[in-house]
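*Asks:* Supplied in structure tokens, the structure appears directly below.
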Amino acid sequence: MPYTIAHLSDVHIPPLPPLSPGDWFSKRALGLFSWHRKWKAEHRVHILVALQRSLDALAPDHICITGDLTFTTHPGEVAQATRWLQSLGSTESISLVPGNHDAYVPGALEQACEAWAPWMTGDGGGQQQFPYLHRRGGVDIIGLSSGIPLRLPMTVGRIGSVQLEALRSLLAGLEGSDRPCVVLIHHPPQEGAARHGKELLDREALRSVLGDYAVDLVLHGHLHRPVRATLQGQRGTIEVLGASSASALGDRYAPAHYHLLEFDRDGGQTTIALRHVRYDRASDTFVPGEREVLTCATEPH
Ligand SMILES: [Fe+2]
Ligand SMILES: [Fe+2]
């Protein structure tokens, strides 16, 4: 039986709670205005219900979530996202990284990361720290944090030199492993995917680290549309897959969508297959697409 991973992103869990009095003079007030003007009609509770039905039916072994669980990182949103994570499955079956909307105002990322520590702490335990490593069902999953507090309308991300050096050490420690390696990050690492003001600032440095090691897949979000790219590492092709928002109707960007990945081990070789699972508005269901074997899995580590 293959090991299966569902990759979701940008859930922006509705609805937004009312602002606290102190928030009326912060960026959160502008965020709430933007939510009601543009996004409230896009991110729907009934799509999250359909998503849950789809996940129940396909029963992935693990779920990877690449950020933007909230819209303004309001404490009420963080608590709502925590309850949603708890409802998805066991703690060990979920790996989460934060997005820019989970770092909406200074100090918010720290509060969100504390609340979501059960899904963001590495297998070794200890202090919650990025990058973390989750070893699940023959797959190594590495989580990075790229969310930083910013002034509107900027939504850029940054990993930072400390995290990048820790990533290099982590990947070096996995050298020689024949397990597939999957990296989770909110912002896309490839060139040209995000427009100016929305991009990962240190994407070149990240690509340089990833390219030196046997990384198979990078999963990201942020763009609210399905995106596909490849990076050329010294060890072969790295597939880069961006998921749409998992709660979107599709009037502003793409309809809701997630990736279903199958890791099938045969001897020392693992085949990785992908299916897009897309939200269909007419039937209010998520529909799995054709199965496709990814090229990264055909190259030995
Ligand atoms: Fe988002
Ligand atoms: Fe984002």
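*Asks:* Keeping to the range 217-237, report how many residues are in contact with a Ser or Thr (Cβ under 8 Å, 6 or more places away or on another chain) and over 16 Å from THR66 (Cβ atoms).
*Replies:* 3
*Asks:* Quick check, is HIS196 buried (at least 20 other Cβ atoms within 10 Å of the Cβ) and either under 24 Å from HIS101 (Cβ atoms) or of a type in the set (Asp, Glu) (or both)?
*Replies:* Criteria not met by HIS196.
*Asks:* May I ask you to verify whether VAL45 is within 30 Å of PHE33 (Cα to Cα) and at pLDDT below 95?
*Replies:* Taking the combined requirement at face value, the residue does not satisfy it.
*Asks:* If you take the residues of the range 29-44 that are crowded, with 16+ Cβ neighbours inside 10 Å, of a type outside the set (Phe, Trp, Tyr) and in contact (Cβ under 8 Å) with a residue 60 or more places away in the chain, which of them is farthest from ligand 2 (Cβ to nearest atom)?
*Replies:* Looking at the filtered set, the residue picked out is ARG44.
*Asks:* What's the total number of residues in the range 1-29 that are within 20 Å of LEU96 (Cα to Cα) and either modelled with pLDDT of 95 or more or not in a loop (DSSP other than H, G, I, E, B) (or both)?
*Replies:* 11
*Asks:* Exactly one of (1) over 27 Å from THR271 (Cα atoms); (2) in contact (Cβ under 8 Å) with a residue 24 or more places away in the chain; (3) assigned to a loop (DSSP other than H, G, I, E, B) is unmet by ALA205. Its number?
*Replies:* Unmet condition: (3).
*Asks:* Can you tell me how many residues within the range 72-111 are within 16 Å of ligand 1 (Cβ to nearest atom) and within 15 Å of the chain's Cα centre (by Cα)?
*Replies:* 9
*Asks:* Just the residues that are closer than 22 Å to LEU217 by Cα and not in a loop (DSSP other than H, G, I, E, B), please, taken from the range 64-78.
*Replies:* Residues satisfying the conditions are CYS64, ILE65, THR66.
*Asks:* Which of the following residues is modelled with pLDDT under 95 and either assigned to a helix (DSSP H, G or I) or charged (D, E, K, R) (or both): LEU55, LEU32, LEU51?
*Replies:* Checking each option against the conditions leaves just LEU32.
*Asks:* So, in the range 1-28, of the ones that are of a type in the set (Gly, Ala, Ser) and surrounded by 13 or more Cβ atoms within 10 Å (Cβ to Cβ), which residue ends up nearest to GLU262 (Cα to Cα)?
*Replies:* ALA6
*Asks:* For a quick check of your reading: which helices (runs of 4 or more DSSP H) sit entirely within the range 88-191 and have at least 3 residues that are touching an Asp or Glu at 6+ places or on another chain (Cβ under 9 Å) and touching a residue at least 12 places away in the same chain (Cβ under 8 Å)?
*Replies:* Here the list reads 108-115, 161-173.
*Asks:* Starting from the range 216-233, keep only residues that are on the phi > 0 side of the Ramachandran plot and modelled with pLDDT of 95 or more, then list their pairs with residues that are of a type in the set (Phe, Trp, Tyr) and within 16 Å of ligand 2 (Cβ to nearest atom) whose Cβ atoms are within a distance under 7 Å, requiring at least 6 positions of separation or different chains.
*Replies:* Correct list of pairs: HIS224/TYR253.
*Asks:* Does any residue of the range 258-266 turn out to be surrounded by fewer than 21 Cβ atoms within 10 Å (Cβ to Cβ), more than 24 Å from TYR132 (Cβ to Cβ) and without any contact (Cβ under 8 Å) to a residue 12 or more places away in the chain?
*Replies:* yes
*Asks:* When you scan the range 210-269 for strands (runs of 3 or more DSSP E) that lie fully inside it, which ones turn up with 1 or more residues that are hydroxyl-bearing (Ser, Thr, Tyr) and more than 22 Å from ALA6 (Cβ to Cβ)?
*Replies:* In the range 210-269, the matching strands (runs of 3 or more DSSP E) lie at 236-242.
The values are calculated or read from the model by the stated rules, or taken from the named source; none is laboratory data. All figures in this text were calculated on a predicted structure; none of them were measured in a lab. Please note: Cβ atoms are built from the backbone with ideal geometry, for glycine as well, and neighbour counts cover all protein chains shown.
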